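Below you'll find the structure, written out as structure tokens, and then a few comments.
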Amino acid sequence: MLVTVIKPEKIRENINTRPDLRNERVIVAIHSCQRIMIAGSLDPAIIMDLDAIDRFGPEKNQKYSDEIFKFLAEKTGLGFDRIKLKFYDLPAYDVGVYSKATQ
């Protein structure tokens, strides 16, 4: 069982240091206490879903992957083979958000 907890605040701080990302356009889903099988193993693992509005692409995803893998491995002690990232680049018209500015 993975006992290290990565606080969402730490991820938010990490995103805030990036001028090309803004928290209001990035969604990070952290799922804990789930059984995850990777390559036939139930050893501790992380699957992280990253959704963003017009922020991801092949070159950027590789750069983000490198940084996120290092961050997660450092915080959890997991090997890179036990960490999986899924990037979802969403066009703004496919995302519904509530805004008081539109009222």
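Projecting label points 7 angstrom from Cα along Cα→Cβ for ASP94 and GLU67 puts them 2.3 nm apart. Ranked by the mean number of other Cβ atoms within 10 Å of their residues, highest first, the peptides 72-81, 45-54 come out as 45-54, 72-81.
Read the figures in this text as sums done on the coordinates, not as results from a lab. Everything numeric here is computed off the predicted structure, so don't read it as measured data. Cβ atoms come from the backbone with ideal geometry, glycine included; neighbour counts cover every protein chain shown.
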